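What follows is a set of notes on a single structure, which appears directly below.
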Amino acid sequence: MTAPRRTIGSSELEVYPLSLGGNVFGWTADRETSFDVLDGYTAAGGDFVDTADGYSAWVPGNTGGDSERILGEWFEARGNRDQVVLATKVSQHPEFRGLAADNIRRAADASLERLRSDYIDLYYAHFDDETVPLEETVGALSALVDAGKVRYIAISNYSPERIDEWFRITEREGFHRAVALQPHYNLVERAYETTYRPIAEREGLGVMPYFALAAGFLTGKYRDGVTVDSPRAGGAAKYLDETGRTVLATLDDVAAAHSASVASVALAWLAAQPTITAPIASARTREQLSDLLASVELELSDADLDTLADASEAAAAA
């Protein structure tokens, strides 16, 4: 079965409805393992990879751009750059921090060199930089589209107010429109529904949620009395509260009914929500990839979706 493609907002980009997160490449997945995960994802029909120029500068010995570098080597080795929709981001590389126009230009060129590519399909402003006039940032990103280095631009980690301002500037100045949004959204983080979804609907944005599995919590590994050896354990364990336990219990029930994994169900729920194009999820091994891929063909009933939403109602109200 071939998974149906989804179009990213108003763009011409059609993608697999699950984006492979590249944050682990060069961090918890070495070069060989990263190649293995990428090969498994594309062999299953996947064609949408998400990374950033700052991944993974936080790791001792890394410099930033580590994930992009591995991806570039993989593209060159496989000869498949034109078969993959690549998203990367600007503002967090140690040598190219912020969103001043000259910095964006230089950061984009550096990313292209690491990626061994002539173009970036989807280029995000990774984090807002309020020290720079927003018009300068949007204009510089739009100029990259004119230059043929970027096909489409996108927004991540901006406040709703600043996104509104972004589109006012775009309309006033005739810049290329942003076509996508990358928010924090999953079954235990549902503020998106009231803060960002109305903007996505109004502006026709494709939405790719990050932390789609809540730093691993929604895989079901993190439970009372269980110790997990993972760099992300602290971020996941914080969700083990009353709401989190209720969500896990409900996920267990739905997963059992479908003979599926908890992670597959959590991703399928997210992919079925209004405005969502493709959740982003990462796998540090080929084995972890199978549950992510299974979510694409898992069809949850309306009753399943409602039951899971009800279980996480407290997260929606937060």
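The values are calculated or read from the model by the stated rules, or taken from the named source; none is laboratory data. It should be emphasised that the depicted structure is a prediction, and the values quoted were computed from it without experimental measurement. Don't worry about glycine lacking a Cβ; one is built from the backbone with ideal geometry, like all the others, and counts go over all protein chains shown. Heads up: the accessible areas ignore ligands, DNA and RNA and are worked out on the full protein's heavy atoms, side chains in. Shrake-Rupley method; radii C 1.70, N 1.55, O 1.52, S 1.80 Å.
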Counting only protein heavy atoms, what percent of the accessible surface of segment 96-242 is carbon or sulfur at a 1.4 Å probe?
48
Given the C-alpha centroids of segment 134-156 and segment 186-230, what is the distance between them in whole angstrom?
27
Please give the net charge around Ala278, taking every other residue with its beta carbon less than 15 angstrom from that of Ala278, where Lys and Arg add +1 and Asp and Glu add -1.
-3
Reachable aspartates and glutamates from Lys221, Cα under 12 Å, same-chain residues fewer than 8 places away excluded?
Asp229, Asp252
Here the net charge surrounding Leu298, from other residues whose Cβ is less than 13 Å away from its Cβ (Lys, Arg +1; Asp, Glu -1), is -4
Packing-wise, with mean Cβ within 10 Å as the measure, how do 290-300, 167-177, 307-317 rank, highest first?
290-300, 307-317, 167-177
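Set the Förster radius R0 to 45 Å, insert the Cβ-Cβ distance between Arg245 and Glu130 as r into 1/(1 + (r/R0)^6), and round the FRET efficiency to 0.05. Don't jump to the answer; show the numbers that get you there.
Working: r = 38 Å, r/R0 = 0.85.
So, using R0 = 45 Å, E works out to roughly 0.75.
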Relative contact order (percent) for the chain, with alpha-carbon contacts under 8 angstrom and 6 or more residues of separation?
19
Kirkwood calc, segment 167-318, C-alpha pairs only, radius in angstrom 16.2
antiparallel share of DSSP beta bridges within segment 99-220, to nearest 5, in %, is 10
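For the ranges 194-202, 87-95, what's the packing order if you count other beta-carbon atoms within 10 Å of each residue, average per peptide, and put the highest first?
Numbers: 194-202: 16.1, 87-95: 23.2.
The peptides rank, most packed first, as 87-95, 194-202.
Tell me the per residue accessible area of the chain using a 1.4 Å probe; a whole number in Å² is fine. Walk me through the numbers before you get to the answer.
Values: 13090 Å² over 318 residues.
With the other protein chains kept in place, the chain gives 41 Å² per residue.
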Checking the cross-link filter: which lysines have an alpha carbon closer than 28 Å to that of Lys149, excluding same-chain neighbours under 8 positions apart?
Lys89
Which value, in Å² rounded to 10, gives the accessible area of Trp269 with a 1.4 Å probe and all protein chains present?
0
